[in-house]
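Bear in mind that the values in this text are calculations on the coordinates, not laboratory data. Since we're looking at a predicted model, the values are computed, not measured. No Cβ is skipped: glycine too gets one built from the backbone with ideal geometry, and neighbour counts run over all protein chains shown.
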Amino acid sequence: MSGTTTADEAILTWRTLPFLVGGFLGPFGTMVVISIYPELRTTFDASTAAVTWSFSGYLFAMAVCLLVSGTIGERYGRRRVTRITFCVYALASIVAAFTPTLGLFIAARIVMGAANAFITPLLIAGLSEIVEERRLGRAVGVYAGFQAAGSAVAPFASGLMAEIDWRWTFILVAAVSILLSLRPAPGEPRQSLNAPPIRPLFRLAMTRLWLGAFTAAAGPLGLAVLVGVRLRDELDVSSSGAGAILLTSGLLTMATSPRWGSAIDRLGGRRASLLSLGATAVIGATLGIFGEVTTFVVVWLLLSVVVGLIPLNLQRLAAIAVPENRGGALSSVLAFRFFGHAAGPLVFIPMLEWSSSVALAVASGLGLVTLAVYMAAERPEHHSSTG
């Protein structure tokens, strides 16, 4: 390759495209239910609390499996594991599309969550091995942009399809999953003597990242769920309208994620994290006081931009924390992230019904715990021990 090759050209290639599309699919499959709660309530004659388990159940299953999925994937081969789990994801999506009862729908969602756990960390681990470390921040930023796009497009797509039939969304997820099964992540099985070690995953640095992942996901990274519910139930926005708003915020996050990645590479994680999480706490503290749709949406869009750094910095730190078992480190950190994603709605949606301003402020402020974790993880001795 010539010396004029840009960082984008080194990251956005046919070789990395399956990683990025897979990064899109995971959040897409996770978030498809957010803007169709009313339709699910009507279809299954169920309450909001019952329907919420189609989201939280997915995330709890994913979180539990993530505790071991990265290590299993490294041991038995990323290629084999991702191919099988894309197929399982597709099958579960078909079941979700055609099931007649809420119980079976939630069961299908739980299987989807478990399958997704065996995809997400292995894609990031593979990406971290084919991109040189000095560009890793930008690479993870691009990947995080695709994740943000998946989170954003899902409520819009499902909301739009709900105008016809919400079930079409899950048929779309199944189709994309089948296509991705044809291009699994590279990585062959490792013999038992070279099996990825487990003990390094229990270092103090890793337990800090687990705490940071949980608080980030339960709080600021889960704000889109609260915003989506408030738009539908309190501000009387239609399913397609709420989806369009969440799509816009996700596209903003996608557009700014690579720049956040470059900011981390250039300025360092400590200052970038302080800027992002500090601004999140301040802006989030005011979000719930706006009862007029336009103002609420403008503030939310601003907040979604600064929230964008949080997951990519978490993934960057996890990718370099345990070089001898990248998949295991990533999956364990992601496990705590999705435990947070699952727990957040169960805590904050009832709080939202009581006081939207309090719920949104507390969820945003929880990121200050994440900030403390990031600041500790970015100490100079951290870099020297991993670099």
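Across LEU201, LEU366, LEU179, mean-square fluctuation computed from a Gaussian network of the chain (C-alpha pairs under 10 Å connected) peaks at LEU179. Between region 61-118 and region 221-240, the C-alpha centres lie 27 angstrom from each other.
A simple rule links phi to the HN-Hα coupling: the Karplus curve 6.51 cos²θ - 1.76 cosθ + 1.60 with θ = phi - 60°, which for region 205-213 gives 4, 6, 5, 4, 5, 4, 5, x, 5 Hz, with x for Gly and Pro. Sequentially through region 58-68, phi angles give Karplus couplings (6.51, -1.76, 1.60; θ = phi - 60°) of 4, 6, 4, 4, 5, 5, 4, 5, 5, 4, 10 Hz, Gly and Pro residues having no value and appearing as x.
The slack between ILE289 and LEU104, meaning 0.36 nm per residue of separation minus the straight C-alpha distance, is 62.8 nm. Spin-label pair ARG270-ASP236: with each label point 7 Å from Cα along the Cα-Cβ axis, the two points sit 5.2 nm from one another. Placing a pseudo-label 7 Å from each Cα along the Cα-to-Cβ vector at GLU163 and ILE178 gives an inter-label distance of 2.7 nm.
Taking the centroid of alpha carbons for each part, region 341-370 and region 142-180 are 25 Å apart.
Classify the chain: rounded, prolate or oblate, from the alpha-carbon gyration tensor (a ≥ b ≥ c, eigenvalue square roots; a/c under 1.5 rounded; otherwise prolate if a/b is larger than b/c)? Taking the square roots of the gyration eigenvalues as a ≥ b ≥ c, the chain is oblate.
Close amide H partners of GLY77, meaning residues 5 or more places away or on another chain with modelled amide H under 5 Å apart, are ARG190. Restricting region 257-360 to GluC sites (Glu not before Pro) that sit in a DSSP loop and have at most 11 other Cβ atoms within 10 Å of their own Cβ leaves GLU292.
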